[in-house]
Amino acid sequence: MMNPPVDILGSGPFTLAVANHGEIRTFTRRGVADLLELLADGADFLRGAAVADKVVGRAAASIMVIGGVARLHTRVMSRQALGILDGSGMEVEYDGLTDHIINRRGDGWCPLENICRNLDTPEECLMEIRKFFENNAN
């Protein structure tokens, strides 16, 4: 079965592909910046969308749940993310599962995975994600 966001994700330097309303948008930034921007500026496009993302941790999962994503395929998903997605109604597929997402240096937890790890709801995670971006804006 053809899955356009997944097919596109593998066709170029993309980290995220989102399909909805007969349109597919692609993104290349690492982390959750593109998802966060979509939630803020393209919430209608995110609601009901099919998403393909290279890596999904607890932060990305929280944004997708709040955004109303219908389907998700990822290459790597953390167990932390599964905890947020459980019961969301989202159709979820992943190629590999890991305990947690590692940081870009490869020597510890991803900062957002760590920030969100003990939070109970996507809404709590989103508040902390936004604080993180505000505090680390360049």
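Pairing residues of the range 78-97 that are in contact (Cβ under 8 Å) with a residue 24 or more places away in the chain and over 12 Å from Met64 (Cα atoms) with residues that are in a loop (DSSP other than H, G, I, E, B) and aliphatic (A, V, I, L, M), at Cβ distances under 7 Å and at least 6 apart in sequence or on separate chains, gives Ser78/Ile101.
Give Ala43, Ala81, Ala70 a once-over and let me know the one that is open to solvent by 30 Å² or more (accessible area, probe 1.4 Å), at pLDDT 95 or above and not basic (Lys, Arg).
Result: Ala70 is the single residue among Ala43, Ala81, Ala70 that is open to solvent by 30 Å² or more (accessible area, probe 1.4 Å), at pLDDT 95 or above and not basic (Lys, Arg).
Of the residues in the range 116-133, none is more than 13 Å from the chain's Cα centre (by Cα) and assigned to a strand (DSSP E or B). When the residues of the range 54-107 are filtered to those that are over 14 Å from the mean Cα position of the chain (by Cα) and assigned to a strand (DSSP E or B), the one that is nearest to Asp34 (Cα to Cα) is Ile102. When residues in the range 41-53 are screened for being touching a Lys or Arg at 6+ places or on another chain (Cβ under 9 Å) and either among the acidic types (Asp, Glu) or assigned to a helix (DSSP H, G or I) (or both), 2 of them pass.
Taking first residues from the range 1-12 that are more than 16 Å from Glu23 (Cβ to Cβ) and partners that are modelled with pLDDT under 80 and surrounded by 12 or more Cβ atoms within 10 Å (Cβ to Cβ), no Cβ contact under 6 Å between residues at least 6 apart in sequence or on separate chains turns up. Inside the range 89-102, residues that are hydroxyl-bearing (Ser, Thr, Tyr) and surrounded by fewer than 17 Cβ atoms within 10 Å (Cβ to Cβ) make up a count of 1.
Return the residues of the range 75-100 that are farther than 19 Å from Asn114 by Cβ and among the β-branched types (Val, Ile, Thr); say none if nothing qualifies. Answer for the range 75-100, where residues must be farther than 19 Å from Asn114 by Cβ and among the β-branched types (Val, Ile, Thr): just Val92.
The values are calculated or read from the model by the stated rules, or taken from the named source; none is laboratory data. For clarity, every value in this text was computed on a predicted model and none was experimentally measured. Positions of Cβ are backbone-derived with ideal geometry, glycine not excepted, and every protein chain shown enters the neighbour counts. Side chains included, ligands, DNA and RNA excluded: accessible areas come from the protein's heavy atoms. Shrake-Rupley method; radii C 1.70, N 1.55, O 1.52, S 1.80 Å.
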